[in-house]
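In what follows, a structure is listed as C-alpha coordinates, so that the remarks can point back to it.
The values are calculated or read from the model by the stated rules, or taken from the named source; none is laboratory data. None of the values given here were measured: they were computed from a predicted structure. Every residue, glycine as well, gets a Cβ built from its backbone with ideal geometry; the counts of neighbours run over all protein chains shown. These area figures cover heavy atoms from the full protein model, side chains too; ligands, DNA and RNA do not enter into them. Shrake-Rupley method; radii C 1.70, N 1.55, O 1.52, S 1.80 Å.
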Amino acid sequence: MKQDRPPQRSDMPVVMLLPNIVTIAAICAGMSAIRFGFQDQYHAAVILILVACVLDGLDGKLARLLKSESQIGAELDSLADCVNFGVAPALVIYAWALQGTNSGGWIAVLVFGISCVMRLARFNIDSKSELSGKQSSRFVGVPAPAGAFLVLFPMFLSFLFDDPDLIPAGVIGFYMIGVGLLMISRIPTYSFKRARVSRTNVKFLLLGFAFLAAALLTQTWATLVVLDLAYAASVFWAWLNRNAATKN
(Lines give C-alpha, C1' and ligand atoms only; values in the text may rest on other atoms or scores of the structure.)
Protein backbone atom coordinates (compact mmCIF):
# COMPACT_ATOMS: atom_id res chain seq x y z
CA MET A 1 0.00 0.00 0.00
CA LYS A 2 1.15 3.48 -0.84
CA GLN A 3 1.52 5.79 2.05
CA ASP A 4 -0.23 9.11 1.73
CA ARG A 5 2.25 11.93 1.46
CA PRO A 6 1.79 14.74 3.96
CA PRO A 7 0.37 17.84 2.33
CA GLN A 8 3.02 20.28 1.26
CA ARG A 9 3.07 23.54 3.16
CA SER A 10 2.48 26.58 1.01
CA ASP A 11 4.39 28.99 3.24
CA MET A 12 5.71 32.19 1.75
CA PRO A 13 8.21 34.73 3.07
CA VAL A 14 6.60 37.60 4.96
CA VAL A 15 8.68 40.03 2.91
CA MET A 16 6.64 39.03 -0.15
CA LEU A 17 3.59 40.51 1.55
CA LEU A 18 5.18 43.94 1.95
CA PRO A 19 3.47 45.44 -1.15
CA ASN A 20 0.02 44.43 0.13
CA ILE A 21 0.90 45.68 3.62
CA VAL A 22 1.86 49.06 2.17
CA THR A 23 -1.40 49.16 0.19
CA ILE A 24 -3.43 48.41 3.32
CA ALA A 25 -1.50 51.12 5.19
CA ALA A 26 -2.47 53.55 2.42
CA ILE A 27 -6.14 52.61 2.83
CA CYS A 28 -5.86 53.18 6.58
CA ALA A 29 -4.36 56.60 5.91
CA GLY A 30 -7.13 57.54 3.47
CA MET A 31 -9.94 56.38 5.73
CA SER A 32 -8.36 58.07 8.75
CA ALA A 33 -8.19 61.28 6.72
CA ILE A 34 -11.99 61.15 6.39
CA ARG A 35 -12.33 60.75 10.15
CA PHE A 36 -10.02 63.69 10.89
CA GLY A 37 -11.83 65.78 8.29
CA PHE A 38 -15.18 65.38 10.04
CA GLN A 39 -13.47 66.11 13.38
CA ASP A 40 -12.31 69.50 12.00
CA GLN A 41 -8.65 68.41 12.05
CA TYR A 42 -8.09 69.42 8.45
CA HIS A 43 -4.31 69.73 8.53
CA ALA A 44 -3.98 66.13 9.71
CA ALA A 45 -6.53 64.97 7.12
CA VAL A 46 -4.62 66.55 4.25
CA ILE A 47 -1.29 65.16 5.46
CA LEU A 48 -2.80 61.66 5.63
CA ILE A 49 -4.06 61.91 2.04
CA LEU A 50 -0.58 62.96 0.94
CA VAL A 51 0.89 60.02 2.88
CA ALA A 52 -1.53 57.75 1.00
CA CYS A 53 -0.22 59.23 -2.27
CA VAL A 54 3.35 58.41 -1.29
CA LEU A 55 2.44 54.87 -0.21
CA ASP A 56 0.57 54.38 -3.50
CA GLY A 57 3.79 55.11 -5.35
CA LEU A 58 5.72 52.59 -3.24
CA ASP A 59 3.53 49.48 -3.29
CA GLY A 60 3.81 48.83 -7.02
CA LYS A 61 7.57 49.40 -7.04
CA LEU A 62 7.97 47.05 -4.07
CA ALA A 63 5.93 44.37 -5.83
CA ARG A 64 8.11 44.60 -8.95
CA LEU A 65 11.31 44.69 -6.89
CA LEU A 66 10.33 41.62 -4.87
CA LYS A 67 8.72 39.94 -7.90
CA SER A 68 5.56 39.41 -5.88
CA GLU A 69 2.98 40.82 -8.30
CA SER A 70 -0.40 39.12 -7.99
CA GLN A 71 -3.95 39.61 -9.20
CA ILE A 72 -5.21 40.22 -5.68
CA GLY A 73 -2.49 42.82 -5.19
CA ALA A 74 -3.53 44.62 -8.37
CA GLU A 75 -7.20 44.61 -7.39
CA LEU A 76 -6.38 45.73 -3.84
CA ASP A 77 -4.28 48.59 -5.21
CA SER A 78 -7.11 49.72 -7.49
CA LEU A 79 -9.65 49.69 -4.65
CA ALA A 80 -7.19 51.58 -2.45
CA ASP A 81 -6.83 54.26 -5.13
CA CYS A 82 -10.61 54.63 -5.24
CA VAL A 83 -10.76 55.24 -1.49
CA ASN A 84 -7.64 57.39 -1.17
CA PHE A 85 -7.95 59.57 -4.26
CA GLY A 86 -11.68 59.61 -5.00
CA VAL A 87 -13.55 59.28 -1.71
CA ALA A 88 -11.18 60.70 0.92
CA PRO A 89 -10.27 64.06 -0.73
CA ALA A 90 -13.87 64.70 -1.75
CA LEU A 91 -15.28 64.04 1.71
CA VAL A 92 -12.54 66.03 3.46
CA ILE A 93 -13.23 69.02 1.22
CA TYR A 94 -16.97 68.58 1.80
CA ALA A 95 -16.44 68.62 5.57
CA TRP A 96 -14.11 71.61 5.27
CA ALA A 97 -16.06 73.94 2.99
CA LEU A 98 -19.14 72.47 1.30
CA GLN A 99 -21.46 71.33 4.09
CA GLY A 100 -23.33 74.64 4.03
CA THR A 101 -24.01 74.59 0.28
CA ASN A 102 -27.09 72.36 0.49
CA SER A 103 -27.04 69.85 -2.36
CA GLY A 104 -24.69 71.80 -4.64
CA GLY A 105 -21.57 70.84 -2.71
CA TRP A 106 -22.63 67.21 -2.58
CA ILE A 107 -23.14 67.16 -6.35
CA ALA A 108 -19.54 68.35 -6.74
CA VAL A 109 -18.39 65.55 -4.41
CA LEU A 110 -20.30 62.95 -6.44
CA VAL A 111 -18.98 64.23 -9.78
CA PHE A 112 -15.39 64.15 -8.54
CA GLY A 113 -15.73 60.72 -6.92
CA ILE A 114 -17.40 59.12 -9.94
CA SER A 115 -14.85 60.71 -12.28
CA CYS A 116 -12.07 59.17 -10.21
CA VAL A 117 -13.71 55.72 -10.41
CA MET A 118 -14.07 56.06 -14.19
CA ARG A 119 -10.45 57.20 -14.48
CA LEU A 120 -9.24 54.18 -12.51
CA ALA A 121 -11.33 51.82 -14.65
CA ARG A 122 -9.76 53.24 -17.80
CA PHE A 123 -6.31 53.03 -16.24
CA ASN A 124 -6.82 49.32 -15.52
CA ILE A 125 -7.76 48.72 -19.15
CA ASP A 126 -4.76 50.72 -20.38
CA SER A 127 -2.47 48.77 -18.04
CA LYS A 128 -3.63 45.49 -19.56
CA SER A 129 -2.97 46.92 -23.02
CA GLU A 130 0.57 47.81 -21.97
CA LEU A 131 1.13 44.27 -20.76
CA SER A 132 0.12 43.15 -24.25
CA GLY A 133 2.92 45.24 -25.70
CA LYS A 134 1.24 48.59 -26.29
CA GLN A 135 3.19 51.08 -24.18
CA SER A 136 2.88 54.84 -23.98
CA SER A 137 5.01 57.55 -22.43
CA ARG A 138 1.91 59.52 -21.43
CA PHE A 139 -1.25 59.08 -19.43
CA VAL A 140 -4.68 59.73 -20.89
CA GLY A 141 -6.20 62.34 -18.61
CA VAL A 142 -4.95 63.36 -15.17
CA PRO A 143 -4.03 60.29 -13.05
CA ALA A 144 -6.04 59.67 -9.87
CA PRO A 145 -3.22 60.54 -7.40
CA ALA A 146 -2.51 63.77 -9.30
CA GLY A 147 -6.25 64.53 -9.36
CA ALA A 148 -6.38 64.18 -5.57
CA PHE A 149 -3.34 66.45 -5.30
CA LEU A 150 -4.92 69.06 -7.57
CA VAL A 151 -8.31 69.03 -5.87
CA LEU A 152 -6.69 69.81 -2.50
CA PHE A 153 -5.24 73.07 -3.87
CA PRO A 154 -7.91 75.30 -2.22
CA MET A 155 -7.03 73.76 1.15
CA PHE A 156 -3.29 74.29 0.57
CA LEU A 157 -3.94 77.91 -0.30
CA SER A 158 -6.22 78.46 2.68
CA PHE A 159 -3.70 76.91 5.08
CA LEU A 160 -0.91 79.04 3.59
CA PHE A 161 -2.74 82.31 4.29
CA ASP A 162 -4.45 80.96 7.44
CA ASP A 163 -7.85 82.01 6.13
CA PRO A 164 -10.59 79.32 5.97
CA ASP A 165 -12.87 81.68 4.01
CA LEU A 166 -10.26 82.65 1.43
CA ILE A 167 -12.08 80.89 -1.44
CA PRO A 168 -15.90 80.90 -1.72
CA ALA A 169 -17.57 77.51 -1.37
CA GLY A 170 -19.19 77.80 -4.80
CA VAL A 171 -15.80 78.30 -6.45
CA ILE A 172 -14.43 75.25 -4.62
CA GLY A 173 -17.37 73.15 -5.84
CA PHE A 174 -16.89 74.16 -9.48
CA TYR A 175 -13.14 73.61 -9.11
CA MET A 176 -13.78 70.04 -7.88
CA ILE A 177 -15.95 69.34 -10.89
CA GLY A 178 -13.26 70.77 -13.18
CA VAL A 179 -10.58 68.50 -11.71
CA GLY A 180 -12.93 65.53 -12.06
CA LEU A 181 -13.44 66.32 -15.73
CA LEU A 182 -9.66 66.54 -16.21
CA MET A 183 -9.32 63.00 -14.87
CA ILE A 184 -11.72 61.58 -17.45
CA SER A 185 -10.51 63.83 -20.26
CA ARG A 186 -8.43 62.66 -23.22
CA ILE A 187 -5.60 65.11 -22.53
CA PRO A 188 -2.26 63.26 -22.87
CA THR A 189 -0.62 64.21 -19.56
CA TYR A 190 3.00 63.50 -18.76
CA SER A 191 3.99 60.21 -17.12
CA PHE A 192 6.75 60.95 -14.64
CA LYS A 193 7.10 57.20 -13.97
CA ARG A 194 8.81 56.84 -17.34
CA ALA A 195 10.98 59.93 -17.04
CA ARG A 196 14.68 59.39 -17.68
CA VAL A 197 17.73 61.34 -16.51
CA SER A 198 21.29 61.12 -17.78
CA ARG A 199 23.95 59.83 -15.41
CA THR A 200 25.74 63.17 -15.49
CA ASN A 201 22.63 64.92 -14.17
CA VAL A 202 21.81 62.44 -11.39
CA LYS A 203 23.67 64.56 -8.80
CA PHE A 204 21.57 67.60 -9.69
CA LEU A 205 18.38 65.56 -9.42
CA LEU A 206 19.36 64.31 -5.96
CA LEU A 207 20.27 67.83 -4.89
CA GLY A 208 16.92 69.09 -6.13
CA PHE A 209 15.12 66.34 -4.22
CA ALA A 210 16.99 67.33 -1.03
CA PHE A 211 15.94 70.95 -1.57
CA LEU A 212 12.33 69.87 -2.13
CA ALA A 213 12.32 67.73 1.02
CA ALA A 214 13.71 70.64 3.05
CA ALA A 215 11.08 72.98 1.60
CA LEU A 216 8.28 70.55 2.43
CA LEU A 217 9.49 70.24 6.02
CA THR A 218 9.95 73.97 6.60
CA GLN A 219 7.38 75.63 4.32
CA THR A 220 4.89 72.84 3.77
CA TRP A 221 1.85 74.69 2.45
CA ALA A 222 3.78 77.16 0.30
CA THR A 223 5.72 74.29 -1.28
CA LEU A 224 2.54 72.30 -1.95
CA VAL A 225 0.94 75.35 -3.57
CA VAL A 226 3.97 75.76 -5.85
CA LEU A 227 3.97 72.06 -6.74
CA ASP A 228 0.25 72.16 -7.51
CA LEU A 229 0.67 75.18 -9.75
CA ALA A 230 3.64 73.54 -11.50
CA TYR A 231 1.66 70.39 -12.21
CA ALA A 232 -1.34 72.40 -13.38
CA ALA A 233 0.99 74.26 -15.76
CA SER A 234 2.27 70.91 -17.11
CA VAL A 235 -1.33 69.79 -17.73
CA PHE A 236 -2.06 73.06 -19.55
CA TRP A 237 1.09 72.62 -21.64
CA ALA A 238 0.09 69.06 -22.45
CA TRP A 239 -3.32 70.32 -23.55
CA LEU A 240 -1.69 72.89 -25.86
CA ASN A 241 0.47 70.16 -27.40
CA ARG A 242 -2.19 67.43 -27.42
CA ASN A 243 -2.24 67.09 -31.22
CA ALA A 244 1.52 66.50 -31.42
CA ALA A 245 1.35 64.04 -28.51
CA THR A 246 -1.46 62.11 -30.20
CA LYS A 247 0.59 61.73 -33.40
CA ASN A 248 3.52 60.37 -31.39
Of all residues being over 14 Å from the mean Cα position of the chain (by Cα) and open to solvent by 60 Å² or more (accessible area, probe 1.4 Å) in the stretch 178-197, which is modelled with the highest pLDDT? Just the residue, please.
181
Go through the stretch 69-103 residue by residue and tally those that are assigned to a helix (DSSP H, G or I), surrounded by fewer than 21 Cβ atoms within 10 Å (Cβ to Cβ) and among the small types (Gly, Ala, Ser).
6
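So that you can scan it fast, the table gives a plain yes or no per residue for (1) touching a strand residue (DSSP E or B) at 6+ places or on another chain (Cβ under 6 Å); (2) modelled with pLDDT of 90 or more; (3) open to solvent by less than 60 Å² (accessible area, probe 1.4 Å):
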site: 208; (1), (2), (3): no, no, yes
site: 221; (1), (2), (3): no, yes, yes
site: 236; (1), (2), (3): no, no, no
site: 239; (1), (2), (3): no, no, no
site: 246; (1), (2), (3): no, no, no
Check on residue 66, surrounded by fewer than 14 Cβ atoms within 10 Å (Cβ to Cβ), on the phi < 0 side of the Ramachandran plot, at pLDDT below 95 and aliphatic (A, V, I, L, M):
no
Looking at the stretch 154-177, is at least one residue at positive phi, outside any helix (DSSP H, G or I) and open to solvent by 20 Å² or more (accessible area, probe 1.4 Å)?
yes
Mind checking which residues of the stretch 84-126 are farther than 25 Å from residue 159 by Cα and free of Cβ contacts under 8 Å to residues at least 12 places away in the same chain?
103, 121, 125
Of the numbered conditions (1) part of a loop (DSSP other than H, G, I, E, B); (2) open to solvent by 40 Å² or more (accessible area, probe 1.4 Å), residue 142 fails exactly one; give the number of that condition.
(2)
Of the conditions (1) open to solvent by 10 Å² or more (accessible area, probe 1.4 Å); (2) more than 20 Å from the chain's Cα centre (by Cα), residue 111 fails just one. Which one is it?
(2)
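Can you pull out every residue in the stretch 53-68 that is part of a helix (DSSP H, G or I) and without any contact (Cβ under 8 Å) to a residue 60 or more places away in the chain? Even if it seems obvious, please write down each step before you answer.
Pass one, the stretch 53-68, residues part of a helix (DSSP H, G or I): 53-66.
Once the filter is applied, which keeps residues that are part of a helix (DSSP H, G or I) and without any contact (Cβ under 8 Å) to a residue 60 or more places away in the chain, the stretch 53-68 yields 54, 55, 58, 59, 60, 61, 62, 63, 64, 65, 66.
Scanning for something closer than 23 Å to residue 64 by Cβ, surrounded by fewer than 10 Cβ atoms within 10 Å (Cβ to Cβ) and modelled with pLDDT under 95, does the stretch 13-25 turn up at least one residue?
Of the residues in the stretch 13-25, the ones closer than 23 Å to residue 64 by Cβ are 13-25.
Cutting the leftovers down to surrounded by fewer than 10 Cβ atoms within 10 Å (Cβ to Cβ) gives us 13-14.
Then drop every residue that is not modelled with pLDDT under 95, which leaves 13-14.
Looking through the stretch 13-25, at least one residue is closer than 23 Å to residue 64 by Cβ, surrounded by fewer than 10 Cβ atoms within 10 Å (Cβ to Cβ) and modelled with pLDDT under 95.
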